[in-house]
């Protein structure tokens, strides 16, 4: 009985973290719309880093423009997979970093899924002018950082046969 209670507690904590991350992403996008849409870019570090409003109808780096239905289907499928992973994954402390990166990626995917579902585009606003990197948003940061860390965790930290114990 205690194991089931621990699992439910872990999933409720996961849900809380997920909601906080999604709300942080939504808040930054609402601010970007309010402060940056139809306005000049806001420079943080002159010539290097700025906030600039962009409506992105594609994926990362503007790929696959106007494929809204595809992105919504992929987003929903990924959310289902992430939920399944969190339910199946052991609640042991050893797996907390893995849970964290799954939550980070899922929150980023969901944040952009909200945009695509409501408006048909994703609000991007962070621009690294110094390297002319494509404009991105907080959800993109979640997905990129989470995926990078997940890749190394799977390669070097966890063995295939130990991920779904418990």
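The values are calculated or read from the model by the stated rules, or taken from the named source; none is laboratory data. All values reported here derive from a predicted model rather than from experimental measurement. Positions of Cβ are backbone-derived with ideal geometry, glycine not excepted, and every protein chain shown enters the neighbour counts.
A few notes on this one:
- Flag if residue 43 is farther than 16 Å from residue 139 by Cα, touching a strand residue (DSSP E or B) at 6+ places or on another chain (Cβ under 8 Å), surrounded by 13 or more Cβ atoms within 10 Å (Cβ to Cβ) and at pLDDT below 95: yes
- In the range 67-78, of all residues being surrounded by 16 or more Cβ atoms within 10 Å (Cβ to Cβ) and closer than 20 Å to residue 19 by Cβ, the one that is modelled with the lowest pLDDT corresponds to 75.
- Any chance residue 164 is touching a helix residue (DSSP H, G or I) at 6+ places or on another chain (Cβ under 6 Å), surrounded by fewer than 16 Cβ atoms within 10 Å (Cβ to Cβ) and either at pLDDT 90 or above or closer than 16 Å to residue 11 by Cα (or both): yes
- Scan of the range 77-94 for residues that are under 14 Å from residue 13 (Cα atoms) and in a helix (DSSP H, G or I), ordered by number: 83, 86, 87, 93
- Note on the range 1-54: residues that are without any contact (Cβ under 8 Å) to a residue 40 or more places away in the chain and in a loop (DSSP other than H, G, I, E, B) amount to 6.
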